[in-house]
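Let me begin by presenting the structure, written as structure tokens, before commenting on it.
The values are calculated or read from the model by the stated rules, or taken from the named source; none is laboratory data. Everything quoted here is computed from the prediction, not taken from an experiment. Please note: Cβ atoms are built from the backbone with ideal geometry, for glycine as well, and neighbour counts cover all protein chains shown. These area figures cover heavy atoms from the full protein model, side chains too; ligands, DNA and RNA do not enter into them. Shrake-Rupley method; radii C 1.70, N 1.55, O 1.52, S 1.80 Å.
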Amino acid sequence: MEVLIFVFLFSLTWVSAVPECPKCGNMDVPYPLSTSDECGNPSYRIHCKNGILEFLSAEGIYYKILSINPNASRLVISSPLMQKDTCHSFDLSVGGLRIDENSPFNISSRNTVMLLNCSERILLSPLNCSLNSPCRKFENEIKGCRDTVCCSYLKVASKASHRIRVRVGGCTAYTSVVDLKAGDSINAWQYGVELQWISPK
């Protein structure tokens, strides 16, 4: 019993001794997020580059971190930019966003994902490809994406949700809106991909 108490107290002391990482620009880096081996939990690695926080995908693409909610264990990364004068996401060459399945991060269920410039085969899928799909509003804002096939779906809640896929011959671009509500004006949309993390054991 004394040994168990000692181990428990030691673990508490170790956790409390791990410092939070310093701010990156104007953004706090709350525990367990980590920007170096000297702070936070290195399993929850994010990156501070020139005062900007970024998330590194499994394919080696950096996405800007827009916000962090430590109480909900969530952060929002930027949706990908479009390649100039096209309807191609800048991460198309690597198949879109993919998160390492061994990492503590996954894609939350509060994302409405909009797939753009899709082949007509996608019309056979259960996705919302109707004229009422919110992707119709978005594609009209992007010159290269107008009048193409687009679909939207709500990301399924799953600890195994690690990917938003795009590819040539399928859909070549995507965007995502966090916590989209019916009737929201496009000007009120919160663009980005919300990730959640599993708390350290």
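Given a cut-off of 22 Å, what percent of all Cα-Cα pairs of segment 52-136 lie beyond it?
The calculated P(r) of segment 52-136 puts 37 percent of pairs beyond 22 Å.
Can you compute the label reach from D28? Point 7 Å from Cα along the Cβ direction, backbone N cut-off under 11 Å, restricted to segment 56-70.
Backbone N within reach: 68-70.
Can you work out the base-10 log of I(q)/I(0) for the chain at q = 0.08, 0.10, 0.13 1/Å, using the Debye formula on its C-alpha atoms alone?
Debye curve over Cα of the chain, log10 I(q)/I(0) at q = 0.08, 0.10, 0.13 Å⁻¹: -0.32, -0.48, -0.74.
Could you work out Rg/(2.2 N^0.38 Å) for segment 140-201, with Rg from alpha carbons only?
Working it through for segment 140-201, the quotient is 1.36.
In what sequence, largest accessible area first, do K155, K23 appear using a 1.4 Å probe?
The ordering from most to least exposed comes out as K23, K155.
Modelled label-to-label distance, S125 and S67, 7 Å Cα→beta-carbon offset: nm?
According to this spin-label approximation, the distance is 2.7 nm.
Take the alpha-carbon centre of segment 174-188, take the same for segment 50-69, and report the distance between them in whole Å.
Centre-to-centre distance over Cα atoms comes out at 21 Å.
Distance in nm between label sites at C39 and K137, each 7 Å beyond Cα in the beta-carbon direction?
Distance between the two pseudo-spin positions: 3.9 nm.
Can you give me the solvent accessible area of F90 with a 1.4 Å probe, rounded to the nearest 10 Å²?
Approximately 80 Å² for this residue.
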